[in-house]
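Notes follow once the structure below has been shown.
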Amino acid sequence: MGGDVSRAFTESIVEDAALAWLASLGYAVLHGPHERSEERQGYRNGTRVRTLYTRVGPVSLQVPQARRWQFRNRYLQALPTRGAGLGAGAHGKGGERLSPRKVTHLTEERCGASFSKATVSALCTALDPRVRAFHERRLEGNRYPFLILDARLLKGADQSIKAYGNPSAKTILAGMPFSAVDPSDFLRGMFRADPKIYHFFQAAALHPYARTPSYAVDYGVRPFRRTLGQLLPSGVYRGLWITEIAWATGPPDGRFQVSRSTQASYLQSFYNKLLAIRKTHRINGVIWYGLQDFDDESWWAERTGLIERSGTNKPSWYRLKCVTGAPTSAIC
């Protein structure tokens, strides 16, 4: 079932990208059959089925045809090599809206094309419900082949790194978002796929995004730590990393977007809560998502920085210095 979801996801993305390219060239994709307009510069000529072999298996595409469409050959030639990872690469952060910047990069890399901001925004809007449906699928009661593949990939990566790289390197398991797909469910699935998977990682990573620091710790970090402890054999211990956490600055939306002062307060509260349980929960470290805001502010995650785009420090920058033991002002 997991493979079916990803194949359908890849099909829809590539087909949408092809239609978007046609529209950018002046082919009135949104017009009905035989409909005319002043803006229309070309003619659609139906579609044809094209099989694309990807990492998630063969997918069947309805490739649009158009008279005098110079891009067609370039697009079709790019599909076998560049289309393979588009579906997998477009997944959003914990079921959240896709970043326009990320979608722009993906379409350019996979399709060999540049799109306008309006086109990228339309692609994001079309993909949002599909990404959300993927993240909200349940793992319990189903056998997902990707869990087996993930377990094998983890094992192979750990063995290769230590054999050909650094024998003392530490492997971290994933970076699991705290979303509708519960990280604990994913963790149980990995251990079902390979009960001895713990031999191949030294720590597990979590992205406990939540409305408040208390919720992130009490319903994200603590349950995940408890599940990991239950799955490990007696006497075996593994660390825990928080490899993503943040709140964005902007008009408060009751979710991940807060005022600048609240961002600073949340940062300090979250870090202090983790410091209080650092030893008992074997927390190795915490990574804030963004250092500086990005130019594109259409996605909340682009405004999670501790520094403004202009280079001005936000209040959260000084709070981080407080919790890391480097106070620079009376705010601490």
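Points worth noting:
- The residue list THR212, THR262 contains one member that is more than 23 Å from the chain's Cα centre (by Cα) and of a type in the set (Ser, Thr, Tyr), which is THR262.
- Scope the range 164-209; condition assigned to a loop (DSSP other than H, G, I, E, B), within 21 Å of the chain's Cα centre (by Cα) and not acidic (Asp, Glu); matching residues: THR171, PHE178, SER179, ALA180, VAL181, PRO208, TYR209
- Residues in the range 172-188 that are in contact with a helix residue (DSSP H, G or I) (Cβ under 6 Å, 6 or more places away or on another chain) and modelled with pLDDT of 85 or more: PRO183, SER184, LEU187.
- All positions within the range 145-171 that are surrounded by fewer than 18 Cβ atoms within 10 Å (Cβ to Cβ) and at pLDDT below 75: PRO145, ILE148, LEU149
- ILE277 vs. criteria at pLDDT 95 or above, among the hydrophobic types (A, V, I, L, M, F, W, C) and closer than 27 Å to LEU187 by Cα: yes
- Residue within the range 226-238 that is out of contact with any helix residue (DSSP H, G or I) (no Cβ under 8 Å at 6 or more places or on another chain), of a type outside the set (Phe, Trp, Tyr) and crowded, with 18+ Cβ neighbours inside 10 Å present: no
- Qualifying residue in the range 239-247 (condition: assigned to a loop (DSSP other than H, G, I, E, B) and of a type in the set (Ser, Thr, Tyr)): no
The values are calculated or read from the model by the stated rules, or taken from the named source; none is laboratory data. The structure displayed is predicted, hence computed values, not measured ones. Every residue, glycine among them, receives a Cβ derived from its backbone with ideal geometry; neighbour counts consider all protein chains shown.
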